[in-house]
Amino acid sequence: MARYGYTLMGEQSGPRQLVDNAVRAERAGFDFAVCSDHYYPWLAEQGHSPYAWAVLGAAAYATDVIGLMSFVTCPTRRYHPAVVAQKAATVSLLSGGRFTLGLGAGENLNEHVVGSWPHVVQRHQMLAEALEIILPLLDGQTVHHSGDYFEVPEARLWDLPEEGVPVGLAVSGPDSCALAGEYADAMIASEPRPELVAGFEAAGGAGRPRYGQVAICYGPDEAQCRRTAYEQFRWSGLGWPVNSELPHPRAFERASAAVTEEQVAQAISCGPDIDKHVAAVHRFVAAGFTHVAVVQIGATGQAAFLDAAEKELLPALRAA
C-alpha cells in the first residue's frame, strides 16, 4: 500500500504556521511530511521562504510519529555537504529517527544568493561529489576529501543516530536516475513518469522507496480554488529545464505571464471534489511511486484541507 504525505511548503507560509501544520498533519493521519528548502518563493504572491532546517528541527521536536523529509536540499552551493550531513544527523536525532534527507541538484532561484549558478553537467558532478562526502559522514566515518569542488580536511559527526539517516535523491532524467540508483536509499520526482521509476530500478534502486509530489487546491468554492492555484502555482507548468535556471521570482512572473487560469485548472485539481484529488494523487501510484506528498496550494486553506484530509481524503486514498 502506498504511503501519503503532507507538504510543509515554506514558499507560502511562515515558520510558526509550518510547524503548527506539521502537528496537525500528524493528527490527521498523514504518514510523513516533506519540507521545501528555498531561499526565495517561486512567485512574490506566495510571500514566504523561512529557513527550512529550523522548521524541520522544530517540527521534529513538536511531533511524535510522522516521518519528516527535506524535499529537497541542494548540498552544493548554499550549503557545504559536510554541513548538510551534520544538519541531517541532528534532525534525525531530534525526531527519534524519523527523518530522511532528500537531496537534489538545486535551482538557480535559491542557490544564486551565494554566487554564480553552474551549468547542468557541472551541477551533476558537484552533486555526485557532495554525496561522496555526505554518505560516509552519515555512516560514522571520518572524512578527508580533496576534490574538484569541495575540500574537507577532516570531518566527523559527533551526534549521529545509530541507525543512520536514509538519503533520497531527486531525479528528472536518465543521468539523475543512474546517480540515485547508485547512491540513494530512495528516489524523488515531481512528475508521475513511469520511466523515472524504471530508470531508478534499472540503476540499482529496485525495491527502494519512490517519492512523488502532487499539488492540489482543495476548498468549498472551485472558482476561488482555481484563482488561488493560478495566482500561486502558474509557474509549475514551465518544466524543470526552465524552473532550474530562472534566478528570481520576477523571472518566474515574466516566464508564466502567458499562462492562463484555465491551463492551470486543467493541470491542478481544484475545488471540493475529493474524487478529483484522489485521482490526481493516484497518477503517481499508478506510475510506480510508493510515497506521494500532497501540496495544498494557499496558506489560508491549510486548516480546512487538513480537516478534509483526516475525514475524507486519506480514507479515500487508502480505500482506492
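The values are calculated or read from the model by the stated rules, or taken from the named source; none is laboratory data. Because the structure is a prediction, the values reported are computed rather than measured. No Cβ is skipped: glycine too gets one built from the backbone with ideal geometry, and neighbour counts run over all protein chains shown. Only protein heavy atoms, including side chains, enter the accessible area calculation; ligands, DNA and RNA are left aside. Shrake-Rupley method; radii C 1.70, N 1.55, O 1.52, S 1.80 Å.
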*Solvent-accessible area, 1.4 Å probe, carbon plus sulfur percent, for the chain*: 51 percent
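Using mean Cβ contacts within 10 Å as the protection proxy, how do 294-307, 132-145 order, highest first?
Going from most to least packed, we get 294-307, 132-145.
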*Just order 154-163, 21-30 by mean Cβ neighbour count inside 10 Å, highest at the front, would you?*
21-30, 154-163
*With axes computed from alpha carbons, what is the tilt in degrees of helix 15-28 against the longest principal axis of the chain, rounded to the nearest 10 within 0 to 90?*
70 degrees
*Once you have the Kirkwood Rh of the range 183-320 from its Cα pairs, apply Stokes-Einstein at 25 °C and 0.890 mPa s and quote D in µm²/s.*
152 µm²/s
*Count the net charge of all other residues whose Cβ sits under 13 Å from the Cβ of residue 246, scoring Lys and Arg as +1 and Asp and Glu as -1.*
-2
*Cα centroid separation - the range 1-61 against the range 172-237, whole Å*: 17 Å
*May I have the extent of the alpha carbons of the range 68-130 along their three principal axes, as whole Å values ordered from largest to smallest?*
38, 21, 18
*Calculated on alpha-carbon atoms, Rg and Dmax of the chain in Å*: 18.7, 57
*asked:* Of all beta bridges DSSP finds with both residues in the chain, what is the antiparallel percent, to the nearest 5?
replied: 10 percent
_Where N is the number of residues in the range 1-55, Cα Rg divided by 2.2 N^0.38 Å_ = 1.16
_Probe 1.4 Å, accessible area per residue of the chain, Å²_ = 42 Å²
*In 10 Å bins starting at 0, how do the alpha-carbon pair distances of the range 93-235 split up by percent?*
10, 30, 33, 20, 6, 1
_Alpha-carbon spread of the range 1-95, three principal axes, descending order, Å_ = 35, 34, 27
_Selected from 200, 181, 219, residue furthest toward positive end of dipole (the range 178-239; charges at beta carbon)_ = 219
*asked:* How large are Rg and Dmax for the range 26-180 when calculated on the C-alpha trace, in angstrom?
replied: 15.5, 47
